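Let me begin by presenting the structure, written as structure tokens, before commenting on it.
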Amino acid sequence: MLLVATVLAFATAAAAKDFGPGDLRICNGQRCLPVTDRQVLPLLGSFYYGGPQPKFALRPAMRSPYFELRFRNGYVTGIVATGKLDRFLSYGVYVGRFRRGRWYRVPARLAQEFRELTAPLRPLRLTPGAVSKSR
């Protein structure tokens, strides 16, 4: 019985780490676009929940372009910033993996997908208020 409960717990945790098409969206102040590329979705799960620990990154300059990353339910998980969208600041998603106020490098393939998706969008500009939302 304990073995079955343990297996079910691990299976549930593993399933929770999988992103489906549209589970995460990248947004500016007016519009959100879903991340749907099936080759990118496993990279999101690895970045957010498993895989190698993301590397620290330098803090982007104020007024750098940025976009919000939102779950389907509207929760903002954090932001990606710079012209390359290669830096991530968590707003509290999985705090055991990301530290409050710390910027992390976005894997190159994810950053590329974010840039492609946001090409038609006008970015937000990084402010102390946006940075202060990190938890």
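Count the net charge of all other residues whose Cβ sits under 12 Å from the Cβ of N28, scoring Lys and Arg as +1 and Asp and Glu as -1.
That works out to +4.
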_With a 1.4 Å probe and all protein chains left in place, how much accessible area per residue does the chain have, in Å²?_
57 Å²
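In the neighborhood of P60, defined by Cβ-to-Cβ distances under 11 Å, what is the net charge if each Lys or Arg adds +1 and each Asp or Glu adds -1?
+4
Could you sort the peptides 39-45, 115-121 by per-residue average Cβ neighbour count (10 Å cutoff), highest mean leading?
Put in order of decreasing packing, that is 39-45, 115-121.
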*For the pair E116 and F56, what calculated FRET efficiency results from E = 1/(1 + (r/R0)^6), where r is the Cβ-Cβ distance and R0 = 25 Å, to the nearest 0.05?*
0.50
*Let me know the shape class of the stretch 28-122, please: from the alpha-carbon gyration tensor, a ≥ b ≥ c as square roots of the eigenvalues, rounded when a/c is under 1.5, otherwise prolate if a/b is greater than b/c, or oblate.*
rounded
*First compute the accessible area of the stretch 15-135 with a 1.4 Å probe, then give the percent of it belonging to carbon and sulfur atoms.*
51 percent
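The values are calculated or read from the model by the stated rules, or taken from the named source; none is laboratory data. None of the values given here were measured: they were computed from a predicted structure. Backbone-built Cβ (ideal geometry, glycine too); neighbour counts: all protein chains shown. The area values use the complete protein model at the heavy-atom level, side chains included, leaving out ligands, DNA and RNA. Shrake-Rupley method; radii C 1.70, N 1.55, O 1.52, S 1.80 Å.
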